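Student: This structure is in structure tokens; I'll ask about it shortly.
Nothing in this text is a laboratory measurement; each read-out follows from the coordinates by a stated rule. Just so you know, these numbers come straight off a predicted model, no measurement behind them. Cβ coordinates were reconstructed from backbone atoms using ideal geometry, including for glycine residues, and neighbour counts include every protein chain displayed.
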């Protein structure tokens with residue numbers, strides 16, 4: 001397993017731990033103190049779990065399992081996959097931090113920063129799928145399909 005794949009997967013596990021911690025905090029606050037979580041805390045929890053954990057795991061496994069780039073493939077770039085990692089990881093960490101900070105402040109720079117980190121997340125996902133698009137191709141299945149095998 002390549003080091004970039006391990007980084008995607010381990011970062012995903014880190015975001016899972018963060019998301020579970022936030023979820024436990026919200027549940028304990030609700031059940032023990034009768035305080036319901038703010039929409040910002042819910043958003044931070046959701047982004048930690050769905051983007052930080054689920055998407056990082058999907059991206060890492062895709063990078064690991066998809067067929068190698070074809071010879072002469074100019075679209076796939078390990079460098080772009082690395083850039084995508086940093087954009088998604090930093091965008092998600094910033095988004096979670098921004099959402100948590102928004103619970104106590106509504107200053108303009110914090111609101112703008114939270115929006116910017118969301119844009120960074122989307123950009124990271126776009127870079128990843130752009131560079132991986134050429135690796136989504138049949139590899140051996142064309143022969144099996146031609147012989148009548150159905151999936």
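Student: Round to the nearest 10 and give me the degree value, 0 to 90, for the angle of helix 78-102's Cα axis relative to the longest principal axis of the chain.
Tutor: The angle comes out near 20 degrees.
Student: Which FRET efficiency value, to the nearest 0.05, is calculated for residue 66 and residue 90 with the Förster distance at 30 angstrom and r the Cβ-Cβ distance? Mind showing how you got there, number by number?
Tutor: Working: r = 24 Å, r/R0 = 0.79.
Here the calculated transfer efficiency is 0.80.
Student: Could you line up 35, 95, 102 from fewest to most neighbouring Cβ atoms inside 10 Å?
Tutor: 35, 102, 95
Student: Next question, about the same structure. How many angstrom lie between the C-alpha centres of region 1-72 and region 82-123?
Tutor: 15 Å
Student: With axes computed from alpha carbons, what is the tilt in degrees of helix 3-33 against the longest principal axis of the chain, rounded to the nearest 10 within 0 to 90?
Tutor: 30 degrees
Student: Under the rule of -39500 (n - 2.57) per DSSP H run of 4 or more residues, summed and divided by the residues of the chain, what mean residue ellipticity at 222 nm is obtained, to the nearest 500 deg cm²/dmol? Present the calculation step by step, with values, prior to reporting the outcome.
Tutor: On the way: 6 runs with 105 residues, N = 151.
That calculation yields -23500 deg cm²/dmol at 222 nm.
Student: Next question, about the same structure. Against the longest alpha carbon principal axis of the chain, how many degrees, from 0 to 90 and to the nearest 10, is the axis of helix 56-65 turned?
Tutor: The answer is roughly 10 degrees.
Student: Also: Once R0 is set to 41 Å, what does the formula 1/(1 + (r/R0)^6) return for the Cβ-Cβ distance between residue 146 and residue 109, expressed as a FRET efficiency to the nearest 0.05?
Tutor: Numbers: r = 59 Å, r/R0 = 1.44.
Computed FRET efficiency for residue 146 and residue 109: 0.10.
Student: Another question, if that's okay. Work out Dmax and Rg for the chain from the C-alpha atoms and quote the Rg first, both in angstrom.
Tutor: 19.2, 64
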